[in-house]
Amino acid sequence: MVDKDFAEINALQKVFPESAILLCWYHVLQAVNRWLSKSESGVHGLSNTQKRNEIISFFCKLKACTSVSEDDFKATSAEFCQTFKQYPLVCQYFQKHWEGIGHMWCDYGRRCHKQTLNNACVCMHHISGTAPVN
């Protein structure tokens, strides 16, 4: 499990061609949040906080796609673009950066393991329910 670093991903695929490379869910959300906060997203600023929250919630819905094939993910991806069609930059960002690699960050790509984070301490706090509260 890695961050979305294609140099690292390519190296791992070269050395371990049979292994599935998964993206850390925390870092997926971090990257999406970071992009949504930029002016180029079209949904930046305080006035769009609710819309950004809706987009992030939909990313969580996408992540939860669990069918053995990617059919559920494809249908939910189409629903995402339909839901946010009034924000074409958001749809383009999703299609360019996330839709094609859904198997790396969605549950349907995690057939054997449900670990979603690449930080062992965060994982242990999450599993044990002892995560620090801010």
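The values are calculated or read from the model by the stated rules, or taken from the named source; none is laboratory data. None of these values were measured; they are calculated from a predicted model. Cβ coordinates were reconstructed from backbone atoms using ideal geometry, including for glycine residues, and neighbour counts include every protein chain displayed.
Annotation note: of Ser69, Ser57, Ser39, the sole residue that is loosely packed, with under 14 Cβ neighbours inside 10 Å and modelled with pLDDT under 95 is Ser69. Tallying residues that are in contact (Cβ under 8 Å) with a residue 24 or more places away in the chain and acidic (Asp, Glu) within segment 15-53 yields 1. Do we have Lys51 as charged (D, E, K, R) and under 22 Å from His103 (Cα atoms) here? Against the criterion (charged (D, E, K, R) and under 22 Å from His103 (Cα atoms)), Lys51 does not qualify.
The residues in segment 92-104 that are closer than 16 Å to Ile55 by Cα and either touching a Cys at 6+ places or on another chain (Cβ under 6 Å) or among the hydrophobic types (A, V, I, L, M, F, W, C) (or both) can be counted, and the count is 2.
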